[in-house]
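Okay, structure first, notes after.
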Amino acid sequence: MQVGVAGVNRTDQVDGEFPAPGTVLWQIRLDFAAAPDQILTPCDIELQDASGRRYSVEGAKVDARGRPNPPWVHRGCTPADAPGPTLDLDGGILPSPTPRPQSWQVVTSVALPPDVQPTLVRVMWDRPAYLTLAIPQ
């Protein structure tokens, strides 16, 4: 498996998500490469600042009308339509309905307080283990 930061930048909106009042939206673009049969769900993406504070992709985002976005919006590390295999509740492997490509890009966003400058991207599959990636300057 390989993960790289394609970019992290301030933006006005990402896929119909806007920053809630009092926040700034940051777009995260990550490049992934993995075998199509590798289990990569569930996965969490966060931004971290120089003080170690972490900010999740969940929360502080609204739609075009200012309503909070629902929590079931896909925010993982895999393509929404081809996530690859997953584990069922008994630990068995459930195949993906559509094969995942060997490489793909994920675009997501995090709403941060206006004075926060992110320095790292954190990608987590099995807590407490995580991958940290420096944000290119």
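Quick notes
- Under the simplified labelling scheme, the residue 93-residue 39 pair shows an inter-label distance of 0.9 nm, with each label point 7 Å from Cα along Cα→Cβ.
- The Cα trace of the range 10-109 gives Rg and Dmax of 15.4, 44 Å, the first to one decimal, the second as a whole number.
- Of the chymotrypsin sites (Phe, Trp or Tyr not before Pro) found in the range 30-137, those in coil by DSSP whose Cβ has at most 11 other Cβ atoms within 10 Å are 72.
- Using a Gaussian network model of the chain in which every pair of alpha carbons under 10 angstrom is joined by a spring, one finds that among 81, 90, 115 the greatest mean-square fluctuation is at 90.
- Charge dipole (the chain, unit charges on Cβ, about Cα centre) - positive-most of 114, 48, 104: 114
- Each residue of the range 17-34 was assigned a 3J(HN,Hα) from its phi angle through the Karplus curve 6.51 cos²θ - 1.76 cosθ + 1.60 (θ = phi - 60°); the sequence is 9, 10, x, 5, x, x, 10, 10, 8, 10, 8, 10, 10, 10, 9, 10, 9, 6 Hz, with glycine and proline shown as x.
- In loop segments of the range 24-88 as defined by DSSP, the trypsin sites (Lys or Arg not before Pro) with at most 10 further C-beta atoms inside 10 Å of their C-beta are 65.
Rule-based calculations on the coordinates, nothing more; no lab input. Since the structure is predicted, the reported quantities are computational estimates derived from the model, not experimental observations. Heads up, the Cβs are rebuilt from the backbone with ideal geometry, glycines too, and the neighbour counts pull from every protein chain shown.
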